[in-house]
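Just below is one structure, and these are the notes that go with it.
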Amino acid sequence: MEEITELKKAVDFFIRGEYYCSRQPASQIHDYDSIKHLAFGTNVDGRTDEFIVYNSNPAHFIDTINKLDIKKDYWLTLFSDEEPYSYGAEGYTIKSTEFLMILNLDSWSFETDNKIIKCVQTEEEARRINHFFNKAAIDLKKLNDPNLHFYVGEENGHPASHGSYALLDKTVFLNDVFTSKMHRGKGMAKALCRKMLMDAKQEGAVQSVLVSSQIGHPLYLKLGYRDVSKMWVFERKS
């Protein structure tokens, strides 16, 4: 029962963090019993909608989703340590396998790094970073959001990594951590995450919840995170 309660709490924090970081002006979040529906109102990272499910009968949530008749590409995210039922017959393909992780910041301590990690403060700096990475690494419309903080790691005066975090109800949600290929393996991502966690802790954060890719999993384990559940992300094309 304790494990189920922890999973539910971690999933709830993940949903809030994911929605907060990805939301657009027309975005909405809906609750269908054991199904959370993130309706972004536009394409966000390859989907317009995402359904997040745990502890639910497959027939129930597939029937619920089908009744909504979504006309654009969407994702289905399931939480389970066991490989779930194959949804190929329903038109789903596996997109990725990830990890839901948690870190208790009360007992967490950090080491100092000699990397240059800065919180992005101005639109001019954000535009420079976006131009360097050739993508919208920093959402200019959200730069002044008091609950969102954007960071950049630099080497030799040039951006090498970026990331952000949302702080909601004393829980910090790390998001969009990225390091350019030429700077990987040098501890840049580790220093970036440490700096964000340190600043969030000083703001009052007591825990962190995040989603890790297979590649990033060893990094977060080294930072002190532990696994709560595997995540299976499916994609459904319109």
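The values are calculated or read from the model by the stated rules, or taken from the named source; none is laboratory data. Bear in mind that the values here come from a model prediction, so they are computed numbers and not experimental data. Positions of Cβ are generated from backbone atoms using ideal geometry, with glycine treated the same way; all protein chains shown enter the neighbour counts. Each accessible area value is taken on the protein alone, full model and side chains, heavy atoms only, with ligands, DNA and RNA left out. Shrake-Rupley method; radii C 1.70, N 1.55, O 1.52, S 1.80 Å.
For a test of the definition: using alpha carbon positions, the gyration tensor, and the 1.5 limit on a/c, classify region 6-74 as rounded, prolate or oblate.
It comes out oblate by the Cα gyration axes.
First select every other residue whose beta carbon is under 10 angstrom from the beta carbon of S212; then total the charges, Lys and Arg +1, Asp and Glu -1.
My count for the surroundings of S212 gives -2.
What net charge do the residues around E90 carry, taking every other residue with its C-beta under 11 Å from that of E90, with Lys and Arg at +1 and Asp and Glu at -1?
The answer is 0.
Just subtract the alpha-carbon distance of K71 and A59 from 0.36 nm times their residue separation and send over the number in nm, one decimal.
Fully extending the segment from K71 to A59 adds 2.3 nm.
When we measure straight from the Cα of K181, which aspartates and glutamates land under 17 angstrom away, once same-chain ones fewer than 8 places off are left out?
Answer for K181, where 17 Å is the Cα cut-off: E154, E155, listed by chain and number.
So, for the chain, what is the accessible surface per residue at a probe of 1.4 Å, expressed in square angstrom?
Computed with neighbouring chains in place, this is 53 Å² per residue.
Report, in deg cm²/dmol and to the nearest 500, the calculated mean residue ellipticity at 222 nm for the chain, where each DSSP H run with n ≥ 4 adds -39500 (n - 2.57) and the sum is divided by the residue count.
-8500 deg cm²/dmol
Let's test the formula: R0 of 25 Å, r as the Cβ-Cβ distance of R128 and E203. What FRET efficiency results, to the nearest 0.05?
Efficiency at R0 = 25 Å is approximately 0.45.
So what is the relative contact order for the chain, in percent, with contacts set as C-alpha pairs under 8 Å and at least six apart?
With pairs under 8 Å counted, the relative contact order is 28 percent.
Calculate what fraction, in whole %, of the accessible area of the chain sits on carbon and sulfur atoms when a 1.4 Å probe is rolled over the protein chains.
Summing carbon and sulfur atoms, their accessible area is 49 percent of the total for the chain.
Determine by what factor the alpha-carbon radius of gyration of region 87-177 differs from 2.2 N^0.38 Å, reporting the quotient.
Cα Rg divided by the expected 2.2 N^0.38 Å: 1.37.
Starting from the Kirkwood radius over alpha-carbon pairs of region 61-125, derive D by Stokes-Einstein at 4 °C in a medium of 1.567 mPa s and give it in µm² s⁻¹.
For the chosen part, D equals 75 µm²/s.
Cβ neighbours within 10 Å, averaged per peptide: list 141-150, 45-54 in order, most packed at the top.
In decreasing order of mean packing, 141-150, 45-54 become 45-54, 141-150.
Between D33 and T112, what FRET efficiency follows from the Cβ-Cβ distance if R0 is 45 Å, with the result rounded to 0.05?
Efficiency, rounded to the nearest 0.05: 0.45.
With r defined as the distance between the Cβ atoms of E6 and C119 and R0 fixed at 22 Å, what FRET efficiency is calculated, to the nearest 0.05?
0.10
Between [x] 26, 20, 18; [y] 31, 21, 16; [z] 28, 20, 18, which matches semi-axes √(5λ) of the Cα gyration tensor in Å calculated for the structure shown?
The value computed from this structure is option [y].
Nearest 10 degrees is fine. How inclined is helix 2-22 to the longest principal axis of the chain, computing both from alpha carbons?
Compared with the principal axis, the helix lies near 70 degrees.
Pull up the cross-link candidates among the lysines for K186, meaning alpha carbon to alpha carbon under 30 Å and not fewer than 8 places away within one chain.
Correct list for K186: K95, K115, K118, K135, K142, K195, K201, K222, K230.
Report the paramagnetic label zone for K135: residues of region 169-193 whose backbone N is under 20 Å from a point 7 Å from Cα along the Cα-to-Cβ axis.
Answer for region 169-193: 173-193.
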